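Undergrad: Encoded as structure tokens, here's the structure I'll be asking about.
Please treat every number below as a calculation from the coordinates, not as lab data. This one's a predicted model, so the numbers in the text were calculated from it and none came from an experiment. Backbone-built Cβ (ideal geometry, glycine too); neighbour counts: all protein chains shown.
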Amino acid sequence: MAGRNKNRRPKGTGSVQEIVKDSVYLLRWDVPASGGKRRQKSERFHGTKKQAEKRLRQVLREIDEGKHSRTERSEVALQVYITDWLKIRSGNRRLRESTTESYRSLLFQHVIPRLGGYRMCELQPYHFERLYAELLERGRKRGEGGLSVRTVQYIHSLLFMIFQHAVTVSKILSSNPIDKEIRPQNNGQVFNEDFDKPTNQVVVLNRAEIKLFLRKNHNDRFIELYIVVLGTGLRVSEVLALKWSDVDFEAKTIRVARQIVRKKGEGLKFGPLKSQAGFRIVDVDPDVIAALERQRQKQALEKLRAGDAYRDEGLVFASELGGKFDPDRLVQRYFKPALRRAGLRVAGLPHIGLHLLRHTHASLLVHAGVDVKKVAERLGHKDAAFTLKTYVGTVRDSKNEVSEKFHRYMWEEKAGNEDSPSPGKGDCALFVHSDR
């Protein structure tokens, strides 16, 4: 008994060895093997000693409950599991192909290069905290700055789904290491769909900037498209999928029934809308109707120039030969140069897309006093809560305007003329070229 290490754990209870002071520990334990033999396993743990001991107790409890085989199978590498998980998801008909491809792109570009070689059982909250910090700092391609908080939050949600699948479906893990406490926070800021920096509200153009943009780009090939988006709030994928059969010039409406999607190995295709709420009939103002009339005339000239090479797919905004137009090409080759011609840097954000015009349309509607639920329906949002959150800054401004109108009606106009109409009547119309 002499010389025995008093700090040594009893046989079968494992051990915790400090590797880096107060931060990294090596856990060791025995697991049953074939023939009644036992063999030792180990795991590096990042955290405090108390957390390391808790992790060891969890492993030992799994062994006592006969779940050691789960620990064995959890040695599959994260890259292998993600690849299998994506195959399962791609076979799920409830997911659009574009959604699956977005999953694949984010995981293979940002997660697998950094964590793909780890075994599933090795990964702990520490690894994901470190991953998120690195992505926020230098996650862009070629090291050109970090990803937005919104993008990293999306990656966090993806990883949560993957590990939850490993717990509840594959049953190779007993718990999910993706904890909500490590989710990147945005401090209450709003992040829009296309912009890569946080703002207190979505980035939009004011009325003076709209007029400047339209004036400086009146000869742009897609000026009519810009006016349609400004007047309807359509997504770029929706406006590029718009067909002449969707336009009712007499009723002054546009039917949104499909979108342009990029399918791997197939190029641009027509695809279903993002949600059921995306299918909608949008009423339009005279400016949009006039722009569509001009587009129809311009397209007739393009058909004459192209002759037999023109392949008419019935699109309102098509390529020079009548086919589908690439959304990325539209943004890079036409829209961004159009912003530069107008001298609009848009708060210095370099990654602006056509959602700028969509957000501008929504913001103008909110300022005009249109009910948020109606704005959500017009934009194709599934619920008004998302619209309210996205345009929280502009909604707050409109609330102030309501109180001002109430005060003016109660104390100014009522005192002078009780029969005068309520102020603000008719304020809900959107006129792109107006100073109102």
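Undergrad: In the stretch 327-343, whose amide N lies under 13 Å from the spot 7 Å out along Cα-to-Cβ of residue 216? List them in ranges.
TA: Flagged as within label range: 335-343.
Undergrad: Then there is this: Quick one: which residues, 5 or more positions from residue 316 or on another chain, have an amide H under 5 Å from its amide H? H modelled 1.01 Å from N in the peptide plane, none for Pro or chain starts.
TA: 242, 243, 244
Undergrad: Over 18 Å between Cα atoms: which of 21/49; 243/324; 269/298; 243/374 fall into that group?
TA: Details: 21/49 9 Å; 243/324 11 Å; 269/298 24 Å; 243/374 24 Å.
269/298; 243/374, as the Cα separations exceed 18 Å there.
Undergrad: Any idea how far apart residue 180 and residue 298 come out in nm if each label point goes 7 Å out from Cα toward Cβ?
TA: 4.9
Undergrad: What ranking, highest mean first, results for peptides 305-312, 227-234 when packing means the other Cβ atoms within 10 Å averaged over each residue?
TA: Order by mean packing, descending: 227-234, 305-312.
Undergrad: Let me ask you something else. Counting only other residues whose beta carbon sits under 11 Å from that of residue 262, what net charge do I get with K and R as +1, D and E as -1? Could the numbers behind the result be given before it?
TA: Working: positive: 263, 264, 269, 324; negative: 97, 101, 266, 326, 328.
Summing Lys and Arg as +1 and Asp and Glu as -1 gives -1.
Undergrad: Ok, one more. Once you charge only the Cβ atoms, +1 for Lys and Arg and -1 for Asp and Glu, what is the size of the charge dipole of the stretch 207-393 about its Cα centre, to the nearest 20 debye? Could the numbers behind the result be given before it?
TA: Numbers: 35 positive and 22 negative charges, 133 e Å.
So the magnitude is around 640 debye.
Undergrad: With a Förster radius of 45 Å, plug the Cβ-Cβ distance of residue 266 and residue 373 into 1/(1 + (r/R0)^6) and report the FRET value to the nearest 0.05. Walk me through the intermediate numbers first.
TA: Numbers: r = 38 Å, r/R0 = 0.83.
Using R0 = 45 Å, I get an efficiency of 0.75.
Undergrad: Using Cβ counts within 10 Å as a stand-in for footprinting exposure, how do 391, 154 rank, fewest first? Before the final figure, lay out the partial values.
TA: Details: 391 27, 154 15.
Starting with the residue having the fewest Cβ neighbours, the order is 154, 391.
Undergrad: Order 287-299, 268-280 from most to least packed using the mean count of other Cβ atoms within 10 Å. Mind dumping the intermediate values first?
TA: Working: 287-299: 16.8, 268-280: 15.2.
Those peptides, ordered most packed to least, come out 287-299, 268-280.
Undergrad: Please turn the phi angles of the stretch 353-368 into ³J(HN,Hα) values with the Karplus equation 6.51 cos²θ - 1.76 cosθ + 1.60 (θ = phi - 60°), one per residue in order, whole Hz, x for glycine and proline.
TA: x, 5, 4, 4, 6, 4, 5, 4, 4, 4, 5, 5, 5, 4, 5, 6
Undergrad: Additional query: Whole-Hz ³J(HN,Hα) for each residue in the stretch 160-172, computed from phi via Karplus 6.51 cos²θ - 1.76 cosθ + 1.60 with θ = phi - 60°, x for glycine and proline: what do you get?
TA: Karplus values, whole Hz, x for Gly and Pro: 4, 4, 5, 6, 5, 4, 5, 7, 8, 9, 6, 6, 9.
Undergrad: Need the full-extension length gain, residue 384 to residue 306, defined as separation in residues times 0.36 nm minus the C-alpha distance. One decimal, nm.
TA: Between residue 384 and residue 306, full extension yields an extra 23.6 nm.
Undergrad: Related question: Which shape class, rounded, prolate or oblate, goes with the stretch 93-182 when its Cα gyration tensor gives a ≥ b ≥ c as root eigenvalues, a/c under 1.5 marks rounded, and past that a/b bigger than b/c marks prolate?
TA: Working: a/c = 1.88, a/b = 1.23, b/c = 1.53.
Oblate is the answer for the stretch 93-182, as a/c is 1.5 or above yet b/c matches or exceeds a/b.
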